[in-house]
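Undergrad: Can you keep this structure in mind? I'll have questions shortly.
Readers should treat all values here as calculations from the given coordinates under stated rules, not as data from a laboratory. Since we're looking at a predicted model, the values are computed, not measured. All Cβ positions, even for glycine, are placed from backbone atoms using ideal geometry, and neighbour counts span all protein chains on display.
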Amino acid sequence: MTTEQVFASTIERDQRVEPRDWMPDGYRRTMIRQIAQHAHSEIIGMQPEGEWITRAPSLRRKAILLAKVQDEAGHGLYLYSAAETLGADRGDLTRRLIEGRQKYSSIFNYPTRTFADVGVIGWLVDGAAICNQVPLCRSSYGPYARAMIRICKEESFHQRQGYELLMTMMRGTPEQRAMVQDATDRWWWPSLMMFGPPDADSPNTAQSMAWKVKRHTNDELRQRFVDMTVPQAEALGVTLPDPELAWNAERGHYDFGTPDWAELKRVISGDGPLNAQRIAHRRRADEEGAWVREAAAAHAAKRATGRAAT
Amino acid sequence: MTEQIRHEWPLFEVFVRAKRGLNHVHVGSLRAADHRMALHHARDLYTRRNEGVSIWVVRSDDVASSGPGDKEAFFEPSADKAYRHPTYYAIPDSVPHI
Amino acid sequence: MSFDDAYQALTDHDDDARWAYGTGFTDPLAGVPTDVPDGADPGDLTAYCLMLGDDALVLSHRLQQWVTRAPELEDELAVANIALDLLGQARLLLSRAGAVEGAGRDEDALAYHRDAGDFRNVLLAERADADFAHLVARLLVFATWRLALLDRLSASGDPVLAAVAAKGVKEVTYHREYAAGWVVRLGDGTELSHRRMSDAMAAVAPLTGELFRAHPVEARLAGAGIAVDPGALRPEFDAVLAQVCAAGTLTVPAADPADPAGPAGRHGVHGDGLAAVLGELQAVARSLPGSTW
Ligand SMILES: [Fe+2]
Ligand SMILES: [Fe+2]
């Protein structure tokens with residue numbers, strides 16, 4: 001068999017492609033881009049919630065939120081680590097992120113206005129991420145699939161803590177209930193946009209499906225998310241801000257309205273409410289840490305040459 | 001240019017023993033300036049939920065690996081040695097504990 | 001893995017030894033008797049728990065401020081871990097303070113609804129970090145001191161304090177190692193990092209005197225075998241600092257034992273640092289009275 005045939009049959013038989021296997025350049029590039037964007041999303045995704053750690057209104061919520069945001073840093077690392085098995089370099093990927101040459105999930109360009117946003121992000125944003133990510137545990141690229149298994153397990157804690165916070169707030173004061181509804185109103189549509197543009201406008205989907213690096217189309221996943229979320233909203237006692245939302249017995253699914261795709265395009269192309277701020281924050285951390293990283297490398301080099309390494 | 005954009009810290013592979021009696025298993029990689037830092041980072045990154053009782057870190061540069069091209073020479077010669085596997089031997093069900 | 005139920009699918013991998021999920025999460029206070037021990041004045045014991053609890057709570061806050069700002073992603077994880085450990089210690093100690101006090105205040109009432117003058121933390125915990133060198137300098141000093149303290153406190157006549165201390169020893173051992181590793185790397189690394197590390201050590205030096213001066217509450221409880229006399233910790237502290245500084249080619253900063261002069265954090269006398277911490281910590285909780293979280 002030629003190397004191309006070996007690759008094709010690996011995909012065909014639903015086996016995993018591993019780092020040192022031959023793979024088409026396009027597959028390698030697509031995987032690096034997909035994994036890097038995913039890693040960037042985890043890291044930038046720390047910011048909207050990270051802002052609330054120091055202000056969390058109870059010590060229990062503070063510990064939960066800190067652990068959650070820390071997990072997201074871990075997710076970023078698992079994913080950069082998977083990207084590095086393809087020959088990418090984390091420092092280079094970070095540079096692409098802060099120079100605006102690589103994207104991250106548009107959802108993190110929206111502001112977090114109250115502590116209820118922490119709950120709604122866990123419920124809807126992590127919930128949507130789970131929908132997107134569970135099928136990726138079967139991605140054809142082995143290191144990515146394995147990272148996703150671990151990430152998905154951790155994400156289920158994220159979603160549950162968010163939902164539990166919202167349940168608690170809904171049992172609280174009228175003001176707290178209003179905060180939950182307000183946050184739901186603001187995050188619902190951006191959450192639906194997390195699944196990407198409609199299939200008709202998603203040029204890469206067909207190739208990604210053929211390579212089994214993507215397992216379901218954007219619209220399939222979006223529908224799945226709506227179907228799972230509506231009963232959760234009912235149990236919580238909040239209204240999802242979509243007048244067209246209704247059960248369709250014939251389809252066996254919920255019908256729902258059309259997200260504002262123009263808004264998604266704007267946010268993806270860099271014109272969202274906080275794109276500039278998110279990138280500037282990441283850039284500052286990277287630049288302000290440069291002297292620290294350099295010093296550690298210099299110290300390690302001195303030890304390696306000056307004394308026997310220990 | 002390519003040299004300039006290299007990350008400052010080398011890559012380490014991380015192996016975690018989940019509990020006594022199990023092998024160390026590869027779980028991923030990380031960046032660190034030295035071995036000690038790599039062990040610390042591995043502990044923080046890969047054992048946040050009590051996943052391990054012991055960690056190894058190895059410089060990725062130091063891992064020698066069989067290439068996919070070696071696959072046939074390395075692994076197929078053992079494929080015909082079915083007699084190494086216990087199920088190769090037919091033993092009547094009436095014989096206990098074997 | 002079935003896609004029909006995305007959440008069910010999460011459990012498909014539970015037999016996967018690669019990602020063994022730990023289950024050994026234990027309550028450090030399980031089975032520990034909670035009565036106030038003989039010979040301990042409840043008012044003193046409450047105050048002492050607040051001292052050690054506030055140290056952890058306030059320093060944890062300063063570490064939380066580093067989240068999304070650490071020099072490398074791996075350190076993001078490490079700093080968050082340390083902040084989580086200290087937050088956990090604070091919660092146990094504030095809860096103990098509330099229980100001994102007996103006035104119905106829980107950990108949150110104590111964290112969110114006390115004013116600065118009622119906080120008992122040492123001034124070292126509350127200062128802001130100018131840069132990463134300040135973070136690790138302060139953490140080295142704090143963790144070295146606290147490890148020596150908790151190590152002795154694990155033999156306390158109060159079983160709750162002893163249990164909290166025993167748990168804390170394991171955590172703070174790692175904090176000290178993390179900080180020491182960085183102090184050495186920065187001290188020995190580059191010219192720039194050496195200068196910044198030296199400056200940072202000099203900046204925290206004036207705040208170390210307080211760590212070893214016994215407040216009357218500490219003195220009384222130490223006499224009763226409940227608390228640790230902080231004065232006794234100095235030799236161990238000095239030895240560790242000297243060793244770390246030597247490895248990092250740093251000179252041990254000279255600390256005047258009278259610094260900070262006069263009554264300080266343990267007496268509720270604080271600086272702008274604590275005001276800033278509390279302004280952030282308490283803002284949401286106080287703006288929504290009667291809420292449940
Ligand atoms: Fe995540
Ligand atoms: Fe998450």
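Undergrad: Contact order normalised by length for chain C, with contacts defined as Cα pairs under 8 Å and 6 or more residues apart; what percent is it?
TA: After rounding, I find 22 percent.
Undergrad: Which loop-located trypsin sites (Lys or Arg not before Pro) does the range A:240-307 contain, where loop means any DSSP state but H, G, I, E or B and the Cβ has at most 14 other Cβ atoms within 10 Å?
TA: Of the trypsin sites (Lys or Arg not before Pro), the ones in loops of the range A:240-307 whose Cβ has at most 14 other Cβ atoms within 10 Å are A:ARG251, A:ARG307.
Undergrad: Turning to a different aspect of this structure: Averaged over peptide A:87-98, how many Cβ atoms belonging to another chain are found within 10 Å of each residue's Cβ?
TA: 3
Undergrad: Cα extents of the protein assembly as shown along the three principal axes, largest first, in whole Å?
TA: 80, 70, 67
Undergrad: Which whole number gives the average, over all residues in A:284-291, of C-beta atoms from other chains lying within 10 Å of the residue C-beta?
TA: 5
Undergrad: Among A:217-228, A:132-143, A:7-18, how do they line up by average Cβ neighbours within 10 Å per residue, starting with the highest?
TA: A:132-143, A:217-228, A:7-18
Undergrad: Moving on to the next point. Hey, in the GNM for chain A with a 10 angstrom Cα cutoff, which one of A:GLN277, A:GLN47, A:GLN176 fluctuates hardest?
TA: Answer for the Gaussian network model of chain A: A:GLN277.
Undergrad: Further, regarding this structure: Evaluate the relative contact order of the range B:2-63 (contact order divided by residue number), counting alpha-carbon pairs under 8 angstrom at least 6 apart; express in whole percent.
TA: Averaging sequence separation for qualifying contacts and normalising by length gives 42 percent for the range B:2-63.
Undergrad: Here is a follow-up. When Cβ neighbours within 10 Å are restricted to other protein chains, what is their mean count per residue of peptide C:241-248?
TA: Per-residue shielding by partner chains comes out at 0.
Undergrad: With a cut-off of 8 Å between alpha carbons and a minimum separation of six or more residues, what is the relative contact order of the range A:161-310 in percent?
TA: Rounded, it is 18 percent for the range A:161-310.
Undergrad: Using a 10 Å cut-off around each Cβ, can you sort A:TYR144, B:TYR88 from fewest to most neighbouring Cβ atoms?
TA: Lowest count first: B:TYR88, A:TYR144.
Undergrad: If you don't mind, another one. What is the ratio of the Cα radius of gyration of the range B:2-63 to 2.2 N^0.38 Å, with N the residue count, to two decimals?
TA: Ratio of Cα Rg to 2.2 N^0.38 Å: 1.18.
Undergrad: Rounded to whole Å and ordered largest first, report the semi-axes of the equivalent ellipsoid of the range A:247-310 derived from its Cα gyration tensor (root of 5λ).
TA: 52, 20, 7
Undergrad: Next question, about the same structure. Quick one: which residues, 5 or more positions from A:TYR141 or on another chain, have an amide H under 5 Å from its amide H? H modelled 1.01 Å from N in the peptide plane, none for Pro or chain starts.
TA: Here the answer is A:VAL17, since their amide H atoms fall under 5 Å of that of A:TYR141.
Undergrad: Between the range A:187-218 and the range A:139-155, how far is it from one alpha carbon centroid to the other, in angstrom?
TA: 18 Å
Undergrad: Further question on the same structure: Got a sec? Charge dipole of the range C:123-251, +1 on Cβ for Lys and Arg, -1 for Asp and Glu; which of C:VAL204, C:ALA137, C:ALA125 is way out at the positive end?
TA: Sorting the options by dipole projection puts first C:ALA125.
Undergrad: Here's another thing I want to ask about it. Based on the alpha-carbon gyration tensor of chain A and its eigenvalue square roots a ≥ b ≥ c, which shape applies: rounded if a/c is under 1.5, prolate if not and a/b is larger than b/c, or oblate?
TA: oblate
Undergrad: Listing C:ASP35, C:ASP106 from the residue with the fewest other Cβ atoms within 10 Å to the one with the most, what is the order?
TA: Ranking C:ASP35, C:ASP106 by Cβ neighbours within 10 Å, fewest first, gives C:ASP35, C:ASP106.
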